Structures are given as C-alpha cells and as structure tokens.
1. Quick one: order 305, 187 from most to least accessible surface, probe 1.4 Å.
2. Amide H to amide H under 5 Å from residue 237: which residues, 5+ apart in sequence or cross-chain, H placed 1.01 Å off N in plane?
3. Within the range 181-244, how many lysine pairs that are 8 or more places apart, or on different chains, have C-alpha atoms less than 20 Å apart?
4. For the range 102-116, in order, what is each residue's ³J(HN,Hα) by Karplus, 6.51 cos²θ - 1.76 cosθ + 1.60 with θ = phi - 60°, in whole Hz (x at glycine and Pro)?
5. In Å, what is the Rg of the alpha-carbon atoms in the chain, and how long is Dmax?
6. I'd like the trypsin sites (Lys or Arg not before Pro) in the range 1-106 restricted to DSSP loop residues with at most 10 other Cβ atoms within 10 Å, sorted by number.
7. When the Karplus curve 6.51 cos²θ - 1.76 cosθ + 1.60 is applied with θ = phi - 60°, which whole-Hz ³J(HN,Hα) does each residue of the range 213-223 get, with x for Gly and Pro?
8. Rounded to the nearest 20 debye, what is the charge dipole size of the chain about its Cα centre when +1 sits on each Lys and Arg Cβ and -1 on each Asp and Glu Cβ?
Amino acid sequence: MKKAIPRSKKTSFRHGIGEWYGKSFIHLGPAERKHLANLQALSKKVRPPIECPFRSTPDHQVMCTKEGGVCSIRLYQQETENGPASVPAGQRGNLVTTCPHRFQQDRMIFRWIGETMLGHPEPLAVREIGFLEQDPNENAGNIADSKAGDVGRIDSVLVHPTREPMHWCALEIQAVYFSGASMSTEFKLLSSTGRKTLPFPAANRHPDFRSSGPKRLMPQLQIKIPSLRRWGKKMAVVVDRNFFDALGKMDDIKEASNSDIAWYVVKYQEGEGQAVLKPDFVRFTTLERAVEGLTGGRPVSQEVFEARIKEKLVGT
C-alpha cells in the first residue's frame, strides 16, 4: 500500500500591525515587541506616555493618543504552519494607514497642498473651524439646546500666510478603519512569546474601506462641499494609495478650476526603521463623481434594476 503524500498547506494571509508608535513592526526586535505589548496590559493611569513622532517637533513633544499605538496595518503571509511571517511582494504588502495623525509626518502633506493649491509651501494650518450652526429659532423653547454651539466643523483649513484677501482651502484627512479581531489579540500573543522570527498575526481582520469611505468620508464631503463650492473654495482630501485604489472609478477633471475636490494620494517609502510618507499623485474630481467612487459604482439602468426585481419575484 502506497504511503499517502501529505498535502502542502496553502499560504495563509492575515492583516497585522504595520507600524507601532511610529516604528516599522517588521524591524522591531523580540524584546521591543514584547515591551510594547506589555505596556498595553497596563491601565491608562499608569501606562507611560509614548511620543507620536509624526506630530512632534524639535520644540514641542506630542504624545500618542491612539489606544494601542498602531499607526498602520499591513498584510502578512505564512507559508508553513507555525512558520515565520513575511510581507507579500508588491502593492498587497503596502502599509494601510489607520491613524489620521500618521499623515502629519514632517508636514509633507501641508507643504504639498500649500504649494499646489495656495501657491505657498508653508501654509498656516488651523483646526476645527465651526461650519454649521443651529438655527436659534428651532430651539427657542429649549434652554439647554439654545446654548449649543457649533454642530459641525471643518477639521482643518490651510491658509496662505500673507495673501489678502484671505486665500485658503479646506482639508479632510481620512485614515482607514479595520474590521475583525481587535489588536488586543496581537498584544496578548506578543507579550507571551519571545520568538526571534517575525510572528504571523494571531487573528483575522481587514481594512474596512466601505466603512471608511461611504459611511465616514462621503457624508463629510456631502455636507461641506456644497457651501465651499458656492464660496469658490476647494476641498483637499488626503488618503493613502490603498484607500484610493479601493474606491470605484471616478472621472478625472483635467482643469483644477472645474473641480470640487483635489485628492492628494500618498504612499510609503520603506527602509530600515521608520517608513517615510511620500507624495504619489493628485486627482481632481467633482463632488458627484466622488460620491460615485465612494459608493463603489454608478446606478444601473431602470431596465436592469426592474429585471432584477422580476428575477427575485420568480422565486417567491
């Protein structure tokens, strides 16, 4: 009787930590991985603060405010069970930004947008400007609500430092949420093992571009851009390459003056230690085309839609 030949295990894929407190996870040693993981088991009151390298300057230190300290995630692969993890080649292994503060590295995005939209490489960045206000007549009978302030804000505005009248553009920065197992599963694994090879993620998760795009970014654009358009102002939107590639097709606007949105798409240049944020490309669109891209496509024709209704009715 011939001996059965065991089947080779298929390559496994999971998303795990890409950058942790600003450091590339694949370049962290076992001791450093374990140290950072052990910190997550401490209560917030006693957990030592860790600097955010992307918001800090030589004159001003800013601490990380993101629970868990994970700046980005990425896909890992494992060829054999219990074997080491590795990063898939090509775009599949790119970093996916999960913390919006990650985009602030070296103020690159501010210089890039300032140069191309405002004609100045060092624009002033102003945060959280009140944009929508409640109508006081709607809440005249409610004392608590009548004292409510702004009900909507523009997250950031970039302003030319010297030009009069004021020359500015709105800025929206969108990182990506992820769905699946929380990072606490990774922290538990890393705190309990000192393996020298790169560990494969402990659980399944994936970037949730649907929640990040149609559910988070799209309503922001739909609320803010109509007023900005009436004012003759543009909205700059910063996303990473993975996010933009996950969107549906959007028609390009060749002339920036005819657009509502300038998509500033960034990429990561990786080396030893910290990955560096780099400009990738700029894409101009209208609000309407952006909504189509964020929802993942354009509506089918009425005839196609009604044909699908009939198909469903056949089985009822």
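1. Largest accessible area first, the list is 305, 187.
2. Result for residue 237 returns 172, 262, 263, 264.
3. Eligible lysine pairs with Cα atoms under 20 Å apart amount to 4.
4. Each residue's phi maps through the Karplus curve to give 4, 6, 8, 4, 6, 6, 4, 5, 5, 5, 4, 5, x, 5, 8 Hz.
5. My reading of the Cα-based Rg and Dmax gives 23.5, 89 Å.
6. 2, 3, 7, 10, 44, 45
7. Coupling constants for the range 213-223: x, x, 8, 10, 6, 4, x, 4, 5, 5, 7 Hz.
8. Dipole about the Cα centre, nearest 20: 1600 debye.
The values are calculated or read from the model by the stated rules, or taken from the named source; none is laboratory data. Everything quoted here is computed from the prediction, not taken from an experiment. Using ideal geometry, Cβ is built from the backbone for each residue, glycine included, and neighbour counts are taken over all protein chains shown. To get the accessible areas, we keep the full protein, side chains included, count just its heavy atoms, and leave off ligands, DNA and RNA. Shrake-Rupley method; radii C 1.70, N 1.55, O 1.52, S 1.80 Å.
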